[in-house]
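Written below as structure tokens is the structure these notes are about.
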Amino acid sequence: MQLLRDATVVFRRQVRLNLRNPAWVLLGVAQPILYLVLFAPLLGPIAAQIGVENAYTFFVPGLVVQMGLFGALYVGFGLLAEWREGVLEAERVSPASRGALLLGRLGRDVLQLGIQCLVLVGAGYAFGMDAPLSGALAGVGLALLLGAAGSALSNAIALRTRSEEIMAPLVNVVTMPVLLLSGILLPMTLGPGWLRTVSDVMPVRYVVDAVRSAFSGDLAVPAVGTGLAVTGTLLVLGLTAGVLAFRREDA
């Protein structure tokens with residue numbers, strides 16, 4: 001219970017800081033909306049070729065995963081700013097557990113991501129996406145778990161590198177192949193055999209497949225179970241790395 005109380009205190013402080021500049025919500029969702037407006041229409045003429053009836057029902061789930069993972073991987077830059085301002089040092093001498101310092105921030109990140117996902121899904125319906133609401137919410141829930149994993153990992157990288165100059169290219173090196181090889185923008189079935197083989201080792205690909213299945217209303221298919229298992233594994237790894245990084249601050 002103490003962990004939960006400490007995490008709530010950190011969460012409230014982080015939310016108050018974000019509310020002072022609510023533009024972050026719009027800026028965070030701007031890129032996926034641009035993809036939705038400028039890229040999704042290109043899928044219409046090839047919808048039959050990639051085996052889908054509605055281009056938006058195919059594309060929006062990928063954008064939800066993209067926003068969940070890629071947005072979360074950049075939250076570490078905010079932690080670096082807090083570190084330079086001495087916020088982490090002040091929290092370090094407090095009786096709050098190191099796990100609570102991480103969980104409070106993850107709560108803020110998941111809340112922010114949830115709002116952005118709901119805006120994106122609402123825009124998808126406005127553009128003609130055909131998805132059951134229950135399936136869409138299930139897909140968003142899976143993306144939120146993935147976002148929590150990415151946020152924890154980003155905080156760990158920030159505390160490990162303590163440098164924007166190192167962290168920025170490091171995150172870019174990770175996100176670029178994930179974006180291209182996870183089927184977020186286009187199905188990997190369009191690629192040659194060797195590219196599909198490389199894609200098979202990308203964990204995020206299975207999350208994308210699961211979220212797409214959820215948006216299609218197919219919650220009982222094996223792809224959803226596989227995606228949930230992969231997401232759970234990534235979440236455990238991310239939380240472990242994040243907690244260890246915060247505890248390392250005491251060393």
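So the values come out like this:
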| item | result |
| --- | --- |
| Kirkwood-based shape ratio for the range 174-221, expressed as Rg/Rh from alpha carbons | 0.99 |
| Residue-averaged [θ]222 nm for the chain, counting only DSSP H segments that reach four residues, each worth -39500 (n - 2.57) | -26000 deg cm²/dmol |
| Accessible surface of the range 165-214 [probe 1.4 Å, protein heavy atoms]: carbon and sulfur percent | 74 |
| Solvent-accessible area per residue for the chain (1.4 angstrom probe, square angstrom) | 48 |
| Estimated dipole of the chain in Debye, rounded to 20 [Cβ of Lys and Arg +1, of Asp and Glu -1, Cα centre] | 540 |
| Global form of the range 64-113, assessed from the alpha-carbon gyration tensor, a/c cut-off 1.5 | oblate |
| Rounded to 10°, Cα long-axis angle of helix 203-215 versus longest principal axis of the chain | 60 |
| Contact order normalised by residue count of the chain, Cα under 8 Å, 6+ apart, percent | 28 |
| Column: log10 I(q)/I(0), Debye, Cα scatterers of the range 87-166, q = 0.23 Å⁻¹ | -1.08 |
| Cα-based shape type of the range 1-77, given that a ≥ b ≥ c are square roots of the gyration tensor eigenvalues and the cut on a/c is 1.5 | prolate |
| 28 Å tail of the calculated P(r), the range 98-251, as % of Cα pairs | 26 |
| Inverse of mean 1/r across different Cα pairs in the range 128-205, Kirkwood, Å | 14.8 |
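The values are calculated or read from the model by the stated rules, or taken from the named source; none is laboratory data. Bear in mind that the values here come from a model prediction, so they are computed numbers and not experimental data. Every residue, glycine among them, receives a Cβ derived from its backbone with ideal geometry; neighbour counts consider all protein chains shown. Surface accessibility is based on the protein's heavy atoms, side chains included, excluding ligands, DNA and RNA. Shrake-Rupley method; radii C 1.70, N 1.55, O 1.52, S 1.80 Å.
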